[in-house]
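Notes follow the structure.
The values are calculated or read from the model by the stated rules, or taken from the named source; none is laboratory data. Because the structure is a prediction, the values reported are computed rather than measured. Glycine gets a Cβ as well: all are built from the backbone with ideal geometry, and neighbour counts include every protein chain shown. Protein only, heavy atoms only, side chains kept; ligands, DNA and RNA dropped before computing areas. Shrake-Rupley method; radii C 1.70, N 1.55, O 1.52, S 1.80 Å.
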Amino acid sequence: MITRRALLGHGAGVAALAAGRAWGAAPMDPLQSVAWEDMRALLLGKGPVVFDDRITVAAPMAAEDALQVPFLVDAGALGRVQRILVFADLNPIPLILDFAPGRLAPLIATRFKIQQATPLRAAALDLKGTWHVAGQWVDAMGGGCTTPALAHGEADWTARLGETEARVFDRDGRRRIRLSIRHPMDTGLAAGIPAFFIEKVMVEDAGGILLGELATFEPVSENPLLTFEVPAGIGGDITVTARDNNGNIFRRKVALS
Amino acid sequence: MRALAAGIALMLVPLQALAFDYQLTAREIAPDTYVVPGRMEHFNRANGGNIVNTGFIVTTAGVVVIDSGPSLDYGRQLRQLIGTVTDRPVRLVLITHAHPDHYLGNGAFGDVAISALDGTRAEIAGAPPALLDGIYRLVGDAMAGTTLVPPTGVVTEGPLVVGDHGFELLALDGHTRSDLAVLDRTTGVLFAGDIAFLDRTPTTPQADIEHWLAALDRLRALPAKLVVPGHGPVAPPPQAFDQTAAYLTWLREALAAAAARGLDAAEVIDMKLPEDFAGLAVARAEFARTVAHLYPTFERSVLSDK
Amino acid sequence: MATTFRRSVAAATLAIAAMGFAGLGHAKPVTDKDILGDVESTGDVLTYGLGMQGQRFSPLKLIDKETVKGVVPVWAFSFGGEKQRGQESQPLVVDGVIYVTGSYSRMWAIDAKTGKELWEYNHRLPDGIMPCCDVINRGAAVYGDKVYFGTLDAKVVALNRETGKVVWSKAIEDYKAGYSITNAPLIVNGMVITGIGGGEFGIVGKVYALDAETGESKWTRPVIEGNVGTVDGKPSTMTGTKNASWEGDQWQTGGGGTWLGGTYDPKTGLLFYGTGNPSPWNSWLRPGDNLYSSSRLAIDPKTGEIKWSYQTTPHDGWDFDGVNELISFPLKGADGKTIDAAATADRNGFFFVLDRTTGKFISASPFVSRHDWASGYDDKGRPIYNPDFRPGDPSKGGGADGKGKSVFTAPSFLGGKNWMPMAYSQNTGLFYIPSNEWGMDIWNEPITYRKGAAYLGAGFTIKPLYEDHIGVLRAMDPATGKIKWEYKNRAPLWGGVLTTGGGLVFTGTPEGYIKAFDDETGKELWSFNTGSGVVASPITWDMDGEQYIAVVSGWGGAVPLWGGDVADYVKSFNQGGMLWVFKLPRKS
């Protein structure tokens, strides 16, 4: 199991890797990140890895708001993929999300909290078991992961916890769903505030069949705004269910038509 | 001459820590009226944060300074520059709004009245320490010694007479929550603060587009002969007003359209800019910042259940 | 998902997620049988109270009156963070893992041998929680593959024992109305049973039974007459008879917080829950006995119906409550017969013995030096009040600013004994009561109910009765009502008691000590300074042939918040948050 502690510890791991281990024929990291090999070992396992510009990773070059850095990942050019990981090498908790698109389009967008300038990457696992990795640097003054959520200043943030807003947009036949959930998404790194974040989002069709699911982690921004797409051929209502690490469950039905 | 002397010293003793040399120049744009132009760039180490227009008016009762600039050293060098133009003392510093490139030179005017609208004064007084951290990180050594020095006095809308100059102060908002514009009725020069930009993409960290457009309309109605924008060249009206208004109007429509199409902010950042604005200084980077500032509101209005 | 990728850590995350909302479930499940056998199975501590009856007795005797002087710490575990407030938690020990709760609704799983943290659950609390008496928690419950606890925002949370991940979480009341949970839940017949706090805010106390697997409500039982319970979420029967002992609609905000939880007696099949003070404190505003406030209730766990009740303080005017634990024990009568009895030491200063099958009153004996409000109890078990010691009616004047006449009376509202559980020794047949000697100036004043606001109608200030001590640990003979020995402590005692087959009585002091006493003489045999006040309940178990003692250290609770002049006795005590584990050195 991936634990926050394991991820937090990666700083020490970098040194160990630099000292003793090499990845042989592994491709050079185009972003030249000191943490790349560590990220690879921690998140991608021992499978083959290629850097692949066919994956779109859209994000600003610099984080204007360290608490809300938008990104969109589109791995559609690869065809179907098993999973998409999005991570920021130099964040104290690197992994932002782990998306298993299933029958959804291999596209995901949301926002994350940035602690310092870092590569932001997407790794898509194709059906043959190869990771395709793309990304860019995001410059930042930082501090986003250790700043208390804005909700912390509200005496009674629980009153609106889990409120959702959603809308469906037509995107050339695909239906794009944008869904926001009111949640502080506390990283546990701000003093005195325990980690409190949505850790799972499931998308089901009208018959309760799972279309795709998303594991979200502490770096996802407060009041997450999720964007994903349902391909043509899936109709009726879909249900999005989110669950946080305190066991709170939030549900939203979205009519596709 | 002082700037030159500093340059020589730098060559002779390169290891000694020296003040950043802003090489400030005062351009006389009207009688008694000087503008100290800044670069149309973002904060960086090379420009020392000098991305802003400051100005000063020499009256019979002393000098009125409009904005103190981005750092303590800028403020000091601005004061030295004034000293090369007049022997009269600085009588009053007016801060147009609470953006750091306009007031971080306050420390050089600690012995002078520094005034601003009350909203501006309060915002500077309440600015978080992280604000300075961010600017130090971007600008580097030129910031040395710079601290937050809030204005000591408050001005309100209306006439203000200093010596032989009669000013009209306007309390506006839209670029920030509190924007001061200063019309010198004696010369017809309008110091518009950041309500007006020219040839440099407007910045929007606290912008309210509707209020900003309304503020521009108020400036248009003034009997100004020459407009000093917060950033960009001095020109007669309404050039800066028109350009700023056109950009803001386009922003409003483009962001609303993007939200209606369901675009994520990360996609909007890469949107193609119209030719009219693509050529403005720092257009692409400033637009990306603007998306972060303003797009969430447009997104929310589209998502919210009606 | 291809198996080769399962090995990657991230893949494992998703693998867990893919299993749905449940956890891994490899831990050896704890069964009802295990829980019922907790007293005899010395290798674990599965229940709050070291057994469902709450006797806090362990037959272990490897540590005894001779060897106890050699007991030393094995390891200590810090609760960390900046949240060092009162720690009143009793740990559980299951399969070599300690589950311990801490202030601010936190829980840890710790390797019992090494003190290594296995996981932490840190509940995200709203800022508006309203616990009356510090942000404490008294402990967890285990069942199956889950561990349960109640939170300060009135939720019951079920965690997977192995991962610490939430399996289910259930808000049983609205914390904004003043509800909170600090008691350790009970497990009976596959149900999680809990009480609730909030008696200072005009709530109605209830006992709640939830399905341990799903968190669904099985039944609820309000403890104030006139309120209606539920079974499977639907209205069931009314508690008592509406307006039999309350006027008007006061029963709707009648208090009776069940904040200390309860015990269970397998022999009679009954749950025993104590109920808190009636609301408001000002008794002149609510004529009548105010049933079932300040009472002990026997509840059938199958139906949630009340089988019997006994009210220790009818028409309570001193915030005496009646929440104190009712401990089942065999009472040897003068005729040599054994009665299925139960005993409780009440805040009001009296030690009660009841017939636990019927609730019939057997005896009430004072266990503190002063009990001004009542001279004693009559044969039927009703107090013989001393009316001079009830604070005066504000409508009759007598005090400043519309307040009623103030009286000084003992015990104080913090009680002859407060929350801290006593222990019953199966060896000596004695109860060991952590008691306190203090009184209070108390006066009544007008008050109007408002949701979520304190509903007292009284003011008070606590004063110690003696210069040299407040706390007294007393050995009470339930058959005679006589005190066999006592141990005096300068600061008020606020921690639970443990007694063992080794002839020892353990308890902690706010001065920071965990101490062991001779169960027959009260002689102090051992002490260790934990570095912060001990206001929690010690436990013992054996592991690899050695007997272990554990206690949580961390000063706080109600005393520093409400203790008035007691501050002089306790102000130098520093806060903490630490689990200490002790044993005898291994013989080489």
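The alpha carbons of the stretch B:107-222 stretch over 40, 35, 25 Å along the principal axes, in descending order. Of the trypsin sites (Lys or Arg not before Pro) found in the stretch C:483-524, those in coil by DSSP whose Cβ has at most 12 other Cβ atoms within 10 Å are C:K523. For the protein assembly as shown, the Cβ-based charge dipole about the Cα centre amounts to some 1860 debye (Lys, Arg positive; Asp, Glu negative; other atoms uncharged). State the antiparallel share, in %, of DSSP beta bridges confined to the protein assembly as shown, rounding to the nearest 5. Of those bridges, close to 90 percent are antiparallel. Using a cutoff of 8 angstrom between alpha carbon atoms and counting only pairs six or more residues apart, the relative contact order for chain A works out to 18 percent. The distance from the alpha carbon centre of the stretch B:203-217 to that of the stretch B:105-139 is 22 Å, rounded to a whole number. Relative to its residue count, the stretch C:3-582 spans a Cα convex hull of 143 Å³ per residue. Relative contact order for chain C: 14 percent, from Cα pairs under 8 Å spaced at least 6 residues apart, divided by residue count. Note on C:A171 and C:D335: the model spin-label points, each 7 Å out from Cα along the C-beta direction, lie 5.6 nm apart. Rounded to the nearest angstrom and listed largest first, the equivalent-ellipsoid semi-axes of the stretch B:2-237 from its Cα gyration tensor are 27, 21, 16. Of the residues A:H152, C:H315, B:H165, ranked by 1.4 Å probe accessible area with the largest first, the sequence reads A:H152, C:H315, B:H165. Across peptide C:119-125, the mean count of Cβ atoms from other chains lying within 10 Å of each residue's own Cβ comes to 6. Over all other residues within a Cβ to Cβ distance under 12 Å of A:S257, the charged ones net out to -1, with Lys and Arg as +1 and Asp and Glu as -1.
Ordering B:L273, A:G143, C:G503 by the projection of their Cα atoms onto the charge dipole of the protein assembly as shown, which places +1 on the Cβ of Lys and Arg and -1 on the Cβ of Asp and Glu, puts C:G503 at the extreme positive end.
Taken residue by residue and averaged, Cβ atoms of other chains lying within 10 Å of the Cβ of A:110-117 number 1. Counting only DSSP beta bridges with both residues in the stretch C:3-582, the antiparallel share comes to about 95 percent. Of the peptides C:126-134, C:80-88, C:146-154, C:259-267, the ranking by mean beta-carbon count within 10 Å, highest at the top, reads C:146-154, C:259-267, C:80-88, C:126-134. Note on the stretch A:48-255: Cα convex hull, mean projected area over all directions, 11.5 nm². Solvent-accessible surface (1.4 Å probe) assigned to C:E173 amounts to roughly 40 Å².
For the stretch C:477-496 versus the stretch B:26-42, the spacing of their alpha-carbon centroids is 86 Å.
Candidate cross-link partners of C:K113 among the lysines, defined by an alpha-carbon separation under 28 Å and a same-chain spacing of 8 or more, comprise C:K28, C:K33, C:K61, C:K65, C:K69, C:K83, C:K146, C:K165, C:K515, C:K583, C:K587. Assuming charge only on the beta carbon of Lys and Arg (+1) and of Asp and Glu (-1), the dipole of chain A about its Cα centre is about 560 debye to the nearest 20. Looking at the stretch A:48-255, the DSSP beta bridges with both ends there are about 95 percent antiparallel.
Descending by average beta-carbon neighbour count within 10 Å, the peptides C:456-465, C:382-391 line up as C:456-465, C:382-391, the highest first. Counting Cβ atoms of other protein chains within 10 Å of each residue's Cβ and taking the mean over peptide A:244-250 gives 6.
A DSSP coil position with no more than 15 other Cβ atoms inside 10 Å describes the following trypsin sites (Lys or Arg not before Pro) in the stretch B:261-294: B:R261, B:K272. The dipole here belongs to the stretch C:3-582: it is taken about the Cα centre, uses +1 on the Cβ of Lys and Arg and -1 on the Cβ of Asp and Glu, and is about 600 debye. Histogrammed with a bin width of 10 Å, the alpha carbon distances of the stretch A:177-257 distribute as 18, 49, 24, 8, 2 percent, first bin at zero.
Just add up the charged neighbours of A:T239: K/R +1, D/E -1, any other residue whose Cβ is under 11 Å from the Cβ of A:T239.
0
The separation of the stretch C:442-464 from the stretch C:519-588, counted between C-alpha centres, amounts to 33 Å.
Suppose a student asked you for the relative contact order of the stretch B:89-156, using Cα pairs under 8 Å spaced at least 6 residues apart; what percent would you report?
Reported relative contact order: 42 percent.
Ordered from longest to shortest, the equivalent ellipsoid semi-axes for the stretch A:83-165 are 28, 20, 8 Å, each the square root of 5 times a Cα gyration tensor eigenvalue. Consider a paramagnetic label point 7 Å from the Cα of B:E253 along Cα→Cβ; state which residues of the stretch B:273-298 have an amide N under 17 Å from it. Residues B:273-278 qualify, since their backbone N sits under 17 Å from the label point.
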